[in-house]
1. Can you work out which of the residues in region 138-157 that are under 15 Å from the mean Cα position of the chain (by Cα) and touching a residue at least 60 places away in the same chain (Cβ under 8 Å) is nearest to T234 (Cα to Cα)?
2. With region 1-102 as the region, which strands (runs of 3 or more DSSP E) entirely inside it contain at least 2 residues that are within 25 Å of L173 (Cα to Cα) and under 18 Å from the mean Cα position of the chain (by Cα)?
3. Being surrounded by 15 or more Cβ atoms within 10 Å (Cβ to Cβ) and closer than 12 Å to V34 by Cβ: is that true of I87 here?
4. Quick check on region 133-168: of everything there that is closer than 24 Å to Q6 by Cβ and touching a strand residue (DSSP E or B) at 6+ places or on another chain (Cβ under 8 Å), which residue is surrounded by the fewest Cβ atoms within 10 Å (Cβ to Cβ)?
5. For region 209-255: of the residues being within 22 Å of T16 (Cα to Cα) and hydroxyl-bearing (S, T, Y), which is surrounded by the fewest Cβ atoms within 10 Å (Cβ to Cβ)?
6. I'd like the full set of residues that are touching a residue at least 24 places away in the same chain (Cβ under 8 Å), surrounded by fewer than 17 Cβ atoms within 10 Å (Cβ to Cβ) and farther than 22 Å from K45 by Cα, limited to region 60-77.
7. Go through region 24-58 and give me each residue that's touching a residue at least 40 places away in the same chain (Cβ under 8 Å) and in contact with a Leu (Cβ under 8 Å, 6 or more places away or on another chain).
8. Name the residues in region 80-110 that are among the hydroxyl-bearing types (S, T, Y) and in contact with an Asp or Glu (Cβ under 8 Å, 6 or more places away or on another chain), would you?
Amino acid sequence: MNANAQRVAVVTGAGTGIGAATARLLAEKGLSVVLVGRRAELLEKNAARIAAAGGRAHVLADDIADPAAPKRIVDATLATFGGLDVIVNNAATIKTGPLDAYTQEDFDYHIAVNVKSIFFLIQEALPALRASSDAAIVNISSVVGSIVKPGNALYGMTKAAVEYLSRALAHELAADRIRVGCIASGSVKTPIHVLWAGSIENAERDLVPRIPLGRMAEPEELAYWVYQLVAPETGFMTGDVLHVDGGQILGNPEG
């Protein structure tokens with residue numbers, strides 16, 4: 001019997017990029033998946049792909065920056081699938097620039113999306129996760145949380161917080177048999193780059209020279225590692241921060 005057949009996952013930011021690819025892979029592996037994001041049309045499109053491949057998906061269009069969103073997400077998941085075993089906190093926002101380019105509204109929004117939503121979604125889900133026989137959480141960070149990239153003080157700060165939070169919760173929740181992992185993603189071909197670079201092509205011109213392997217990743221390459229952290233076969237792993245970044249953590253290549 002497929003060990004994932006009774007497991008249920010929530011994936012935030014599931015309309016595009018890493019979140020969309022992760023939702024599809026989790027469904028392929030047998031999990032029922034709740035796709036969360038702000039744009040219903042993108043979620044529906046991804047859910048249709050999952051259904052066409054024989055998977056189970058439920059769409060929940062919601063804004064994780066809303067303090068009431070965690071309860072809505074958990075309530076909808078339990079009402080639809082009857083349980084909750086896996087959370088993938090992938091949704092994020094980014095704005096770049098020098099220190100004096102940011103407003104207090106920018107600061108608060110980055111904290112709300114990149115940190116606060118993770119903290120309180122996990123908190124809201126705790127009763128369901130404690131009831132699970134194989135609970136796992138994966139938080140998506142960024143290599144920018146570990147290295148300094150000019151113009152990324154605010155975004156990088158939030159991603160460093162995600163890494164610390166992941167380790168802290170891995171320790172705290174181990175007694176409940178809830179595993180917590182984190183992926184420090186490198187540069188991936190996702191629409192988020194439009195927020196700071198205007199286009200993925202502009203982002204590639206800026207980022208690829210910083211990556212020793214000489215390219216950006218495809219979302220599916222990150223989804224693979226998300227699944228590894230929640231898979232039943234890796235049940236002895238918790239507290240890890242995996243750098244899936246083409247070697248970017250090593251520093252710029254010479255030349």
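Rule-based calculations on the coordinates, nothing more; no lab input. Source: prediction; values computed, not measured. Cβ atoms come from the backbone with ideal geometry, glycine included; neighbour counts cover every protein chain shown.
1. V138
2. The strands (runs of 3 or more DSSP E) meeting that bar are 8-12, 32-37, 86-89.
3. The answer is yes for I87.
4. A135
5. Here the answer is Y224.
6. Of everything in region 60-77, those that are touching a residue at least 24 places away in the same chain (Cβ under 8 Å), surrounded by fewer than 17 Cβ atoms within 10 Å (Cβ to Cβ) and farther than 22 Å from K45 by Cα turn out to be P67, K71.
7. First, the residues of region 24-58 that are touching a residue at least 40 places away in the same chain (Cβ under 8 Å): 24-26, 29, 31-32, 34, 36-37.
Residues satisfying the conditions are V34, V36, G37.
8. The first filter runs over region 80-110 and keeps only residues among the hydroxyl-bearing types (S, T, Y), leaving 80, 93, 96, 102-103, 109.
Listed by number, the list is empty, since nothing qualifies.
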